[in-house]
1. Could you provide, to the nearest whole Å², the per residue accessible area of the range 157-244 with probe 1.4 Å?
2. Could you work out how far helix 106-116 tilts from the main Cα principal axis of the chain, as a 0 to 90 degree angle to the nearest 10?
3. Let's see if you can work this out: charge +1 on each Lys and Arg Cβ, -1 on each Asp and Glu Cβ, no other charges. What is the dipole magnitude of the range 193-317 about its Cα centre, in debye to the nearest 20?
4. Give the dimensionless ratio obtained when the Cα radius of gyration of the chain is divided by 2.2 N^0.38 Å.
5. For residue 100 paired with residue 196, estimate the spin-label separation in nm (one decimal), with each label point 7 Å from Cα along the Cα-to-Cβ line.
6. What are the ³J(HN,Hα) values, in whole Hz, obtained from phi via the Karplus relation 6.51 cos²θ - 1.76 cosθ + 1.60 with θ = phi - 60°, for each residue of the range 139-154 in sequence order, with x given for Gly and Pro?
7. Do the sum for the chain: with -39,500 (n - 2.57) for every DSSP H run of n ≥ 4, divided by all residues, what is the mean residue ellipticity at 222 nm, to the nearest 500 deg cm²/dmol?
8. Ordering 66, 81 by how much accessible area each has at a 1.4 Å probe, largest first, what is the list?
Amino acid sequence: MKYKSIGNYIRPSFWVFLLIAALLWYGDKLGDRYTTEILLPVEVQNDFSSRLWIERPRNELACRVEGFGSRLMAYKMRMGERVAIPMSQLTLVPVSGSDRRFRIDRASLTGALAAGVKELRIHEILDTALVIDVSPVEARRMPVRSRVEVGTARQYMLVGGVRLDPDSVEVRGPKALLDTMQAVYTRAKRYEEQKTSVAGRIELEQTEGLLLSDRQAAYRAEVVPFTQHTLELPVRVENIPAGMMATIVPSRVRVVVNVPLRDYERIREERLHACVDYTAVRGEQSGKCAVRIDSLPVGTEVVRVEPQFVEPFFTRR
C-alpha cells in the first residue's frame with residue numbers, strides 16, 4: 001500500500017489562506033504596544049547659541065522604550081528615523097583631566113529624547129558612558145559671494161554685477177574648519193539671453209560642520225540696453241611733484257566703451273580722464289605705464305584702450 005504525502009491531500013488554496021491569516025494576525029499584533037530594548041539612532045545638532053561644538057554628532061543609544069509594535073520593529077530593523085537633539089537642550093558636565101570631553105546629564109538627555117521622538121515612551125537609557133568630545137567654537141564674519149551668472153542678450157549689458165543682501169554672514173564652528181574658508185557662496189544659478197533685470201532669493205551653500213546666521217540671500221542684477229562709443233582722450237600724469245614737467249608719448253589714447261543708453265549723454269571727452277600715476281611710472285624699469293580711465297559712469301565698461309601703455313618723460317622746469 002502506497003502512502004501519499006500530506007501535501008497531496010491539501011489544496012494550494014489552503015496554503016494561501018493560511019498565509020493571509022498569519023499576516024493578518026501579525027499585522028494585528030504590530031498594532032499593540034510593547035516594551036523592549038532598542039538601539040535609538042540620535043544626532044546632536046550644534047546650534048548657534050552653543051559655546052561648544054560636538055565633533056561626532058551621530059551615535060546610537062541603547063534604550064528601553066514603549067511603543068507600538070510596528071514602530072519598534074522599524075527600529076529593530078535599523079529603519080527608524082534618527083532623533084534630532086539640539087545641543088542647547090543638553091546639560092554637559094566636564095570630565096576631569098580633559099577640557100574637550102564632557103559627560104551628558106542623563107536626565108537632560110532623557111527629556112530631549114522624549115521631546116524628539118513622540119511615538120515612543122523612553123523608560124530608561126541603558127548606556128552608561130554618555131561622553132562626547134567637543135571643540136571650542138568661533139564666530140567670524142565672512143563675505144557672501146555670488147555664483148549667479150547672468151548671460152545677456154545682444155546689445156544688453158549687466159550693470160554693477162550681481163548684488164547680494166546680506167553681503168556677509170556670521171559663520172560659527174570649529175576654528176580648524178573656519179581657517180579653511182574665505183567666503184560663503186550662493187548656490188549656482190544661470191540666466192541666458194536676458195533682456196530685463198532679475199531678482200530673487202537663493203540658498204547659501206552649507207558647509208558640513210558649520211552654521212550660518214542666514215541660510216538665504218536676496219540677489220538682484222540690473223540688465224539694460226547699451227551702445228558702444230569711442231573717444232579720444234589726452235593722457236595726464238597724477239601725483240607729479242612740483243617743479244616737474246611731463247611729456248607723454250603718445251599724448252592721446254583711443255578709448256572704446258560700452259555705455260548704457262540711459263547714460264550716453266554723460267559720456268563726454270571733457271568729463272573723462274586718461275591717467276598714469278607718477279609713482280607707478282618711476283617704479284617701472286621699462287618706463288612705460290598702463291593707462292587708467294577715470295570718472296566713468298557706473299555701469300560703463302572699458303572695452304579697450306589703444307595704446308594700452310604710454311611712456312612719460314619727466315624734466316624739471
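The values are calculated or read from the model by the stated rules, or taken from the named source; none is laboratory data. Since this is a predicted model, take the numbers as computed values, not measurements. Methodologically, a virtual Cβ is constructed for each residue, glycine included, from the backbone with ideal geometry; neighbour enumeration extends over all protein chains shown. Heads up: the accessible areas ignore ligands, DNA and RNA and are worked out on the full protein's heavy atoms, side chains in. Shrake-Rupley method; radii C 1.70, N 1.55, O 1.52, S 1.80 Å.
1. Numbers: 4830 Å² over 88 residues.
Accessible area per residue: 55 Å².
2. On a 0 to 90 degree scale, this one is about 80.
3. Details: 17 positive and 18 negative charges, 113 e Å.
Rounded to the nearest 20 debye, it is 540 debye.
4. Values: Rg = 36.0 Å, N = 317, 2.2 N^0.38 = 19.6 Å.
Dividing the Cα Rg of the chain by 2.2 N^0.38 Å gives 1.83.
5. Simple spin-label model gives 5.6 nm for this pair.
6. Calculated HN-Hα couplings, in order: 10, 9, 8, 10, x, 9, 10, 7, 10, 8, 10, 10, x, 9, 6, 4 Hz.
7. Working: 5 runs with 48 residues, N = 317.
Value at 222 nm, helices only, nearest 500: -4500 deg cm²/dmol.
8. On the way: 66 40, 81 130 Å².
Listed by decreasing accessible area, they come as 81, 66.
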